Every structure is written in C-alpha cells, then in structure tokens.
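The values are calculated or read from the model by the stated rules, or taken from the named source; none is laboratory data. Since we're looking at a predicted model, the values are computed, not measured. Because the Cβ atoms are built from the backbone with ideal geometry, glycine has one as well, and the counts that use them run over all protein chains shown. When the accessible area is computed, the model is the full protein with side chains, heavy atoms only, and any ligands, DNA or RNA have been set aside. Shrake-Rupley method; radii C 1.70, N 1.55, O 1.52, S 1.80 Å.
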Amino acid sequence: MFTSIQQDIEDVLIGENEILAKVNEMGQAISKDYKGSCPVIVGVLKGSGPLVADLLRRITIPVTVDFISVSSYGPATRSSGLVRFLKDLDFSIEGRHVLVMEDIIDTGLTLSYILRVLRGRYPASLEVGTLLDKQARRLIDIKLRYRGFDLPDRFVVGYGLDYAQRYRNLPFICALRPEVYS
Ligand code: IMP
C-alpha cells in the first residue's frame, strides 16, 4: 500500500490506530458535553475532512454538520494570517452551539480569523477542537475545548493534511523527507 509515496516519507509520527482511538475519545466527550443540544460541527476544508468524517460516526447525539473552506496566502508550509473565505457555511448559526473542528493549529492565525467571523453571527456558544496542536508555534492564544495530540515544530502530512495538495490520503501522520520540498 502507498508504495509510490512510501519513498517520500521520513517517519510516521502518529499511527492510524492511535488517531482513531483519539477520535473515538473526542466523539465520546462531545456526545457527553453537548447532550441535550444539537450542536453544529463545522469542519475546515480540506484538511479536516477525514477527521470530521471519522468523528461524526463516533458522536451518539443529534448533530448537524457544515464545512467552510478558507485559503491563506503565503508560502506553502507557513501561515501568513491573510485569510480568504472560499466556501462559507450553508446555514445560519445564530443561537446554535458551534464546534469548529480543525486538523491542525499552528500559529493560530487562520483559526482566529475564522472565529472572529463566526462569533459575529451570534452562536449560542463557539468552541474549538483540533486533532493536532503545534502549541510551541502559537502566535495567538486560542482556547481549545478538545485537543488530540501535541506536535513538535515539524511540517507533517497525512489524514487530511497536505503538502502541495498531496498526501491527504495517508491514514497516518508523518513527516516528509527534506528532498520532497526542494
Ligand atoms: P495557522 O494559521 O498557522 O494555525 O495554520 C493553520 C493551517 O496551516 C492549517 O489549517 C494547515 O492548513 C496549515 N498547516 C500548518 N501546519 C501544517 C503542517 O504541519 N502540515 C500541513 N499543513 C499545515
């Protein structure tokens, strides 16, 4: 499996089973915390696609799901904080309990922009969950309700995360060999 991209991988940081166990835990926590309400899970495309797909199936209370897509300008492996909405939510979130699910939070610039926009739409509550957290690189403080794994300052791909739009299909989180970037 993945033989054609195997040679690009330097090492696997988080394996598939480990990811799925964590997603299961998150799903259970969300089901407990939001019991009695019908939260809106907002996935940030494209990276959080696999996470939201797996997470939804671990949530045992009524939920609705929606996606936004943003693009940040600047170099491929670093966030610039300049964000543009490519796809907005399809429904109003006014009075709803909103949980934004991210694949990864790095500097926090992208997410803080998204949160500012969503907060302006009067949700009943607005919380954030992320599978991966590069906490050491944070430039803006963001309160996380659900947090999967802490990551070192290393560029990673897989389970939705890309480099130049590739590698999103890998079921694990890995680092690429330096030659891939050159
Ligand atoms: P932030 O604005 O610096 O928090 O960056 C957030 C976005 O940058 C994420 O949603 C990813 O699209 C991208 N990103 C940050 N670190 C990585 C990484 O290690 N691999 C792939 N994408 C990343």
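Descriptive notes on the structure:
- Considering only Val157, Pro178, Ile104, and ranking their Cα positions along the charge dipole of the chain that arises from unit charges at the beta-carbon of Lys, Arg, Asp and Glu, the one farthest toward the positive end is Ile104.
- Amide H contacts of Arg147: Thr130, each under 5 Å away and 5 or more positions distant or on a separate chain (H built 1.01 Å from N in the peptide plane; Pro and chain starts excluded).
- Dipole axis of the chain (+1 Lys, Arg; -1 Asp, Glu on Cβ), positive-most option in Val83, Ile93, Leu115: Ile93
- Sorting Thr64, Thr110, Thr130 by accessible area puts them as Thr64, Thr110, Thr130; the probe is 1.4 Å, largest comes first, and only protein heavy atoms count.
- Relative contact order of segment 1-133, pairs being alpha-carbon contacts under 8 Å that are 6 or more residues apart, as %: 23 percent
- Coordinate range along principal axes, alpha carbons of the chain, Å, largest first: 49, 34, 28
- Within the accessible area of the chain, the carbon and sulfur atoms contribute 51%, probe 1.4 Å, all protein chains present.
- Helix-only arithmetic for the chain: the sum of -39500 (n - 2.57) across DSSP H runs with n ≥ 4, divided by the residue total, places the mean residue ellipticity at 222 nm at -7000 deg cm²/dmol.
- Between Leu13 and Ile173, Cys174, Ala175, the built amide H atoms are under 5 Å apart, and every one of these is 5 or more places off in sequence or on another chain.
- Remark: the chain carries a charge dipole of roughly 500 debye about the Cα centre, counting +1 on each Lys and Arg Cβ and -1 on each Asp and Glu Cβ.
- Only beta bridges with both residues in the chain are counted; by DSSP, about 35 percent of them are antiparallel.
- When Leu55, Leu45 are compared by accessible surface with a 1.4 Å probe, the order from highest to lowest is Leu45, Leu55.
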